[in-house]
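Undergrad: Just passing along the structure, written as structure tokens.
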Amino acid sequence: MIYTTKSSIVIWTILVFFLVACSQKKTYVTIQGKLIGFHKGDSVNYCKPIDGYNNSHIFETTYITNDSGEFKIVFPSDSAGFTKIQTKRGKIFILAQNGDSIHFEEQTIPYADSFATQPVTFTGSNAAMHTLYNRMNANYFYKFNYVMDLLNKKYPVGSNLYDTLLSGINKYVLPFDSLYKQKKISKYFLEIMKSDFRNVMFWHAFHNMGALEKNNLWIIPEPEKDLTRDILQHSINVDPFLLHTNWGTNLIADFVGEYNELFRNQDYPVYDTFFYKNGFEYKASAHLIPGYNKFFWADMIIFKTLQNQEYGFSFDTIFSHLKNTFSDFTYIKIIEHLHKVSRSNLNSTLTKINNNIHTIDSTGSINSLNEAIKTHFKDTAVYIDLWATWCMPCKEEFRYKNQLNNLLKEKNIKLMYISLDDTSKKSTWEQNIRYFDLEGYHILAGKNISNDISKKVYGHEIVQSIPRYLLVNKQGKFVSMNMPRPSDLVTLKNELDSLLSKN
């Protein structure tokens with residue numbers, strides 16, 4: 001299913017007109033909340049949209065104003081975008097535009113739906129929409145399980161798998177159509193909400209094609225590429241709300257990363273020859289329209305800067321082109337500030353010595369998890385963090401390392417980080433440990449322990465994702481291969497108490 005350049009131009013003409021029509025004079029978004037388990041002076045982290053675009057990297061902090069757990073966020077807004085608020089139970093998502101005022105409260109009584117475990121109620125602007133979205137999103141993996149059910153089915157030979165997948169996803173978002181019919185959500189917000197769920201579910205399908213192949217051997221090898229190609233083309237060519245959604249950036253990154261495998265050069269023209277010549281492994285970004293390629297590069301630079309990753313391209317060259325080509329782009333000043341702060345922090349951490357950071361193995365000499373535990377952690381419980389220097393979600397969890405350290409010290413539990421990077425990345429691994437100041441014990445996994453982890457931890461799981469957290473009791477027995485994350489501190493504390501009291 002190839003979409004022509006002509007159709008792409010038409011779509012983007014409509015998009016520009018639509019966004020201009022929706023924009024108004026800049027006013028403010030007001031969000032007031034009441035959180036469970038927070039007290040006066042506690043900090044609340046959140047990500048607000050940038051020019052309406054999704055922002056998942058730059059966190060800001062506000063503070064609880066009283067012991068009832070109340071706080072308030074106010075920020076200017078030009079267009080609709082998601083704000084993500086981190087609570088002790090997970091994340092709360094709010095889609096707002098200029099002039100909106102939203103109030104929410106976390107609830108102790110669970111939703112009636114068995115899959116929804118983080119109750120929250122809303123009043124104010126688009127209250128019914130926010131309640132429904134967070135209710136459907138409360139269990140992060142419910143929508144992924146829904147997609148996996150679609151992928152695990154056996155389909156007749158020759159089936160149009162893209163249309164089948166899209167039809168299944170559209171059924172999932174039907175509750176938003178019901179809100180629209182009841183006039184509880186605008187057409188504009190309806191389309192963004194449906195696009196958001198559609199994109200995250202498309203992304204999950206894109207990265208789990210192995211499940212589809214298992215019961216549908218007839219799709220191997222080429223027809224599968226037709227499906228993955230269709231998924232990316234729908235997002236890139238057809239969805240005008242992509243940049244407003246929480247997973248749009250991931251699909252754009254997949255388009256760039258998989259372009260040479262899935263597309264031909266004639267499918268998409270080169271819009272920017274500079275990026276084609278200087279983008280190195282990301283040169284396929286030149287096939288993105290300007291509105292997308294500037295966002296791709298801005299998001300990529302911010303991500304790599306905040307995660308302390310090697311750029312893989314010349315920062316000065318790429319950033320200079322962004323500044324000269326898109327001089328009024330909001331991200332320019334943000335990147336300049338972050339790059340300056342990051343270089344300063346890096347220089348500081350490289351000279352700092354933390355005696356609470358201990359290296360167990362950096363050469364791949366340890367062969368198994370059991371060997372590591374038996375040799376270095378006798379008669380003590382251990383919380384293990386499986387991560388890698390290239391893993392963004394892993395590094396997002398490092399934001400909660402201080403709370404994690406305090407909890408584990410309180411319970412006399414040791415903390416061990418096992419990096420799944422190749423041992424050739426030793427210097428990058430060491431730099432990241434110092435940069436994020438990761439107190440605890442560290443192993444750079446070699447081939448043998450990586451294979452052991454694959455078998456012992458993941459077993460027959462199709463997707464072997466990180467971060468992953470494990471727990472070992474005082475007797476050296478693994479009592480959990482999938483512990484809660486540090487960001488979910490309340491659940492983690494309860495799980496530690498439960499598992500270690502039994503063992």
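Undergrad: Suppose we keep just the DSSP beta bridges with both residues in the chain; what percent of those would be antiparallel, to 5?
TA: Rounded to the nearest five, the antiparallel share is 60 percent.
Undergrad: Put +1 on the Cβ of every Lys and Arg and -1 on every Asp and Glu Cβ in the chain; which of Leu346, Gly168, Pro269 then has its Cα farthest towards the positive end of the dipole?
TA: Of the candidates, Leu346 comes out farthest on the positive side.
Undergrad: Another question about this same structure. Report the FRET efficiency, 1/(1 + (r/R0)^6), for Tyr63 and Thr380, where r is their Cβ-Cβ distance and R0 is 41 Å, rounded to 0.05.
TA: 0.70
Undergrad: Measuring from a point 7 Å past the Cα of Asp437 along Cα-to-C-beta, which residues in region 48-67 have an amide N at less than 11 Å?
TA: No residues fall inside that zone.
Undergrad: Among Asp78, Asp379, what is the fewest-to-most ranking by other Cβ atoms within 10 Å?
TA: Going from least to most buried by this count: Asp379, Asp78.
Undergrad: Return the whole-Å distance between the Cα centroid of region 239-290 and the Cα centroid of region 291-362.
TA: That distance is 20 Å.
Undergrad: Continuing with the same structure: Using the charge dipole of the chain (Lys, Arg: +1 at Cβ; Asp, Glu: -1 at Cβ; taken about the Cα centre), state which of Phe144, Met201, Ile384 has its Cα farthest towards the positive end.
TA: Ile384
Undergrad: May I ask you to sort Lys474, Lys88 by Cβ crowding, counting other Cβ atoms within 10 Å and putting the fewest first?
TA: Ordered by Cβ neighbours within 10 Å, fewest first: Lys474, Lys88.
Undergrad: So, one more: Go through Lys143/Lys447; Lys143/Lys414; Lys40/Lys395; Lys48/Lys88; Lys91/Lys181; Lys194/Lys425 and tell me which ones have a Cα-Cα distance over 30 Å in this structure.
TA: Lys143/Lys447; Lys143/Lys414; Lys194/Lys425
Undergrad: Taking each full run of DSSP H in the chain as one helix, which ones are at least 18 Å long along their axis (Cα atoms) and have mean Kyte-Doolittle hydropathy of at least 1.6?
TA: For the chain, where a helix must reach 18 Å along its axis and average at least 1.6, the hits are 5-22.
Undergrad: Ok, one more. Cβ under 12 Å from Leu499's Cβ, Leu499 left aside: what net charge do those residues give with Lys, Arg +1 and Asp, Glu -1?
TA: Local net charge: +3.
Undergrad: Within region 402-418, find all residues whose amide N lies under 16 Å from a label point positioned 7 Å from the Cα of Leu499 along Cα-to-beta-carbon.
TA: Taking a point 7 Å out along Cα→Cβ of Leu499, the residues of region 402-418 whose backbone N falls under 16 Å are 404-405, 407-409, 411-418.
Undergrad: Dipole size in debye (nearest 20) for the chain around its Cα centre, Lys and Arg Cβ +1, Asp and Glu Cβ -1?
TA: 680 debye
Undergrad: If each DSSP helix of 4+ residues adds -39,500 (n - 2.57) and the sum is divided by the residues in the chain, what number results at 222 nm, nearest 500 deg cm²/dmol?
TA: Details: 19 runs with 222 residues, N = 503.
Helices in the chain give a 222 nm mean residue ellipticity of -13500 deg cm²/dmol.
All of the numbers you see were taken from the coordinates with simple rules; none came from a lab. Everything quoted here is computed from the prediction, not taken from an experiment. Note: ideal-geometry Cβ built from the backbone for every residue, glycine included; neighbour counts use all protein chains shown.
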